[in-house]
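Peer 1: Starting off with a structure, shown below.
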Amino acid sequence: MTINNTVPITQEMISKHGLSPDEYQRILDLIGREPSYTELGIFSAMWNEHCSYKSSKKWLRTLPTEGPQVILGPGENAGVVDIGDGDCVVFKMESHNHPSYIEPYQGAATGMGGILRDVFTMGARPIAAMNALRFGDPNHPKTKHLVSGVVAGVGGYGNSFGVPTVGGEVEFHPRYNGNNLVNAFAAGIAKSDRIFLSEAKGVGLPVVYLGAKTGRDGVGGATMASAEFDENIEEKRPTVQVGDPFTEKCLLEACLELMDTGAVIAIQDMGAAGLTCSAVEMGANGGLGFELNLDDVPCREENMTAYELMLSESQERMLMVLDPKMEEQSKAIFVKWGLDFAIVGKTTDDKIFRVLHQGEEVASLPIMKLSDEAPEYDRPWIEPKPPAPLEAKNVAEPKDYNEALLTLIGSPDLCSRRWVYEQYDTYIQGNSLLRPGGDAGVVRVEGTDKALAFSSDVTPRYCEVDAFEGGKQAVAECYRNLTAVGSKPLAATDNLNFGNPEKPEIMGQFVFAIKGIGEACKALDMPIVSGNVSLYNETFGEGILPTPTIGGVGLLKDQTKFISIGGANEGDAVFLVGEEAKHLGQSIYLRECLGKEEGPAPFVDLAKEKTNGDFVRGQITSSNLTACHDISDGGLAIALAEMAMASNKGMEITAEGEYQHASLFGEDQARYICTVPAQNADIFEIAARGNGAKVSKLGTVGGDTLKINDSIAILVETLRQTHEAWFPDYMNGEIAQAAE
């Protein structure tokens, strides 16, 4: 059958589809003719950055992805890691940045919906979610609107679906003014021998559409996600999908019930590029062809074109290859849950992706070339040059240390996130052991003695000045946060958010961040098992800070052994694990108290991270600690203040160091604060020596005031009031914003 191409392909049309002239010529060479309009859309979807990873594949291959704990690494919808006793954890992180800037509520909500589908498509029941959010300057006229919409979208979808949000990040910086980041994480539990893949098998088998009906929402969304923003951003609003968490909950239950029947041969969620990407990936992964008849696709809008049907990103949809003997039984399950079940095609043995619509063949493409022949670029890059050293003696001390600590603890990046996390249901399902606000979320694994810990981390200001150390630090901080609650870090997922990779300096940041992440993952035995790359995060040519977010999962074999930052008791000894601080470059102190962003990122000694982490974890497992907290943004003084507030107890601390402001606010790595019952203090120090970890006794827990040296004396209640004030004051309009 001859392709009927009624729409002439123009250069302007090619450009609007995000294809370069060279890429279009590659299409002509591969298929030997001009593509139809629908075929152009299919190529655009499959070859854009969001789906093909054409600028990043070369470097992603260098990441460590294997280990004895890894059941399934990158390549499927999510990674799978063994947690023992026939159980596994399935998890992934993914971005929904561009849609969330255009339409914050639906952008964030459908980001949550998409990541949940990635998990339950594999046969896992979701048990936890996180989100890593980054917004522009709080004084920017659009920031509050974005914060409000994104947080409401995350909560609205996650709460209605019924998954607890157990952790995450919220940060502000002017470089996100025109391009906020919304990175969504989800994890689920499955049986290790019942993981479902997207690899189609068998010829002549029915291809089944499952879930909600198709509309015009999200058409071209994947291509939009691979483009910079400009003055025409409002025209992109129709490309944002609309989510329905109640339908997704039904889809979850129906899919898991269907999977129990043995009817599912292969399954894939319809995310980016909708029907196109799910069908092509299933066929290509299995080395088969697919024939789709779009007349059988359930629609909720009239007169949809083949182009719209293929590229719609309507939510809550799946595509499945079905055992034909179980068609009626399978259909009955979806009818029971009030969802569509429609046979829309079949698998073929000719490796052709064939699309029929209204009696015409609107696409006929070699399926492997759509997938395997996508462009792959080795883009030029420039090695980033770290700034000159910044010695503590050249950084001004605060005139008033009390004022400095209160400034930091009440600043936008260090204040309490209660306003955010109280909009999320943390305790739904009844298995969450910690509320957000500490180092990591902890969730029981139902029916076992085990628990899982979850954390999300990156420090973009470090990555901006030294992508290699910044990449290492993102992994190391995630490792520390998982360790600080008592879990053994198992594996990680990444969400690599960067600007335009066609700029050599941006590509250099990407390359060196990957190098740093890879080195840290190897040293800390945290392989990357899944992830996402989000590029072209730029507006009017200004890129975001490089933000390679790391989401980590840790295992507690005994759920009763978890620990928090708030368990300190009166009279406990307070210990520093690690070195005294000296590094003030790129610190929050430098930015918030002195108005400067300068100096190098802190060096990450991965051997010390491993030594200190192993020691702290062992002490928690042995029940020798009452509280633990890693030291990161804001340094020792902030970590102590956070522990004092969480425990509702004061501390009397003596912090050594050549320069007091560096010892209190320096952001040197591989460090923790631990509180130990007084009678166990000697044992703790002996154990540290035996494990090669350096520890220093700082003081004791007690009273109602945080006292540090002779410089700081602040009531814990004053710390709390300052810590809690900024977010609600800002969102209530009590902190002035710039005028429109």
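Peer 1: For the stretch 434-463 and the stretch 476-500, compute the distance between their C-alpha centroids and round to whole Å.
Peer 2: 9 Å
Peer 1: Using DSSP to define loop residues, name the GluC sites (Glu not before Pro) in the stretch 584-668 whose beta-carbon has at most 13 other beta-carbon atoms within 10 Å.
Peer 2: Passing sites in the stretch 584-668 are 656, 658.
Peer 1: Tell me, what is the per residue accessible area of the stretch 585-740 in Å², probe radius 1.4 Å?
Peer 2: Numbers: 6090 Å² over 156 residues.
Normalised by residue count, the accessible surface of the stretch 585-740 is 39 Å².
Peer 1: Continuing with the same structure: Using each residue's phi in the stretch 168-178, evaluate 6.51 cos²θ - 1.76 cosθ + 1.60 at θ = phi - 60° and report the 3J(HN,Hα) Karplus result to the nearest Hz, with x for Gly and Pro.
Peer 2: Computed from phi, the couplings for the stretch 168-178 are x, 9, 9, 9, 10, 6, x, 5, 9, 3, x Hz.
Peer 1: Can you give me the angle between helix 327-336 and the longest principal axis of the chain, using Cα atoms only, in degrees from 0 to 90, rounded to the nearest 10?
Peer 2: Compared with the principal axis, the helix lies near 50 degrees.
Peer 1: By the scheme Lys and Arg +1, Asp and Glu -1, what is the net charge of all other residues having a beta-carbon under 13 Å from that of residue 198?
Peer 2: It works out to a net charge of -3.
Peer 1: Mind checking which of 311, 353, 335 is farthest towards the positive end of the chain's charge dipole, using Cβ charges of +1 (Lys, Arg) and -1 (Asp, Glu) about the Cα centre?
Peer 2: Of the options given, the answer is 335.
Peer 1: Per residue, how many Å² of accessible area does the stretch 258-408 show with a 1.4 Å probe?
Peer 2: 43 Å²
Peer 1: Which one is right for this structure if Cα Rg over 2.2 N^0.38 Å is calculated from it: [x] 1.12; [y] 0.96; [z] 1.01?
Peer 2: Here Cα Rg over 2.2 N^0.38 Å agrees with entry [y].
Peer 1: For the stretch 470-558, state which chymotrypsin sites (Phe, Trp or Tyr not before Pro) are in a DSSP loop and have at most 14 other beta carbons lying within 10 Å of their beta carbon.
Peer 2: Those satisfying the criteria are 540.
Peer 1: For the stretch 37-48, take each phi angle, set θ = phi - 60°, evaluate the Karplus expression 6.51 cos²θ - 1.76 cosθ + 1.60, and give the result in whole Hz per residue in order, putting x for glycine and proline.
Peer 2: My calculation for the stretch 37-48 gives 4, 5, 5, 4, x, 5, 4, 4, 5, 6, 9, 6 Hz in order.
Peer 1: Helix 716-731 against the longest principal axis of the chain: what's the angle in degrees, Cα atoms only, rounded to the nearest 10?
Peer 2: Helix 716-731 sits roughly 30 degrees off the main axis of the chain.
Peer 1: Now for a different question. Amide H of residue 363: which non-local residues (sequence gap of 5 or more, or other chain) have their own amide H closer than 5 Å, using H built in the peptide plane?
Peer 2: Sorted by chain and number, the residues that satisfy this are 355.
Peer 1: Computed on alpha carbon atoms, what radius of gyration and Dmax characterise the stretch 138-188, expressed in Å?
Peer 2: Final numbers for Rg and Dmax: 12.5, 38 Å.
Peer 1: Tell me, what ³J(HN,Hα) does each residue in the stretch 436-444 have, in order and in whole Hz, if you take phi through Karplus 6.51 cos²θ - 1.76 cosθ + 1.60 with θ = phi - 60° and put x for Gly and Pro?
Peer 2: Those phi angles translate into x, x, x, 7, 7, x, 10, 10, 5 Hz.
Peer 1: Can you tell me how the stretch 281-386 classifies by the Cα gyration tensor, rounded, prolate or oblate, using a/c under 1.5 as the rounded cut?
Peer 2: prolate
Peer 1: Using only the alpha carbons of the stretch 255-331, what is the convex hull's orientation-averaged projected area in square nanometres?
Peer 2: 5.6 nm²
Peer 1: Hey, what's the stretch 99-192 come to in accessible area per residue, 1.4 Å probe, Å²? All intermediate terms of the calculation are to be shown ahead of the outcome.
Peer 2: Numbers: 1680 Å² over 94 residues.
Here the residues of the stretch 99-192 average 18 Å² of exposed surface.
Peer 1: Rank by packing, highest mean first: peptides 555-565, 420-430, with packing defined as the count of other Cβ atoms within 10 Å averaged across residues.
Peer 2: Output ranking for 555-565, 420-430: 555-565, 420-430.
Peer 1: With the full set of protein chains in place, find how many percent of the accessible area of the stretch 654-740 is carbon and sulfur; take the probe as 1.4 Å.
Peer 2: Within the stretch 654-740, the accessible surface is 47 percent carbon and sulfur.
Peer 1: Packing-wise, with mean Cβ within 10 Å as the measure, how do 92-101, 8-17 rank, highest first?
Peer 2: Taking the mean over residues of other Cβ atoms within 10 Å, the ranking is 92-101, 8-17.
Peer 1: For the stretch 378-474, what class follows from the C-alpha gyration tensor (a ≥ b ≥ c being the square roots of its eigenvalues): rounded when a/c is under 1.5, otherwise prolate if a/b is larger than b/c, else oblate? Present the calculation step by step, with values, prior to reporting the outcome.
Peer 2: Details: a/c = 2.91, a/b = 1.44, b/c = 2.02.
Judged from the Cα gyration tensor, the stretch 378-474 comes out oblate (a/c at least 1.5, b/c at or above a/b).
Peer 1: How high is the relative contact order of the chain? Use alpha-carbon pairs under 8 Å, at least six apart in sequence, and give a whole percent.
Peer 2: 15 percent
Peer 1: Right, something else. Nearest 10 degrees is fine. How inclined is helix 504-523 to the longest principal axis of the chain, computing both from alpha carbons?
Peer 2: 70 degrees
The values are calculated or read from the model by the stated rules, or taken from the named source; none is laboratory data. Treat the numbers as computed from the prediction; the structure is a model and nothing was measured. Please note: Cβ atoms are built from the backbone with ideal geometry, for glycine as well, and neighbour counts cover all protein chains shown. Surface areas here come from the heavy atoms of the whole protein model, side chains and all, with no ligands, DNA or RNA. Shrake-Rupley method; radii C 1.70, N 1.55, O 1.52, S 1.80 Å.
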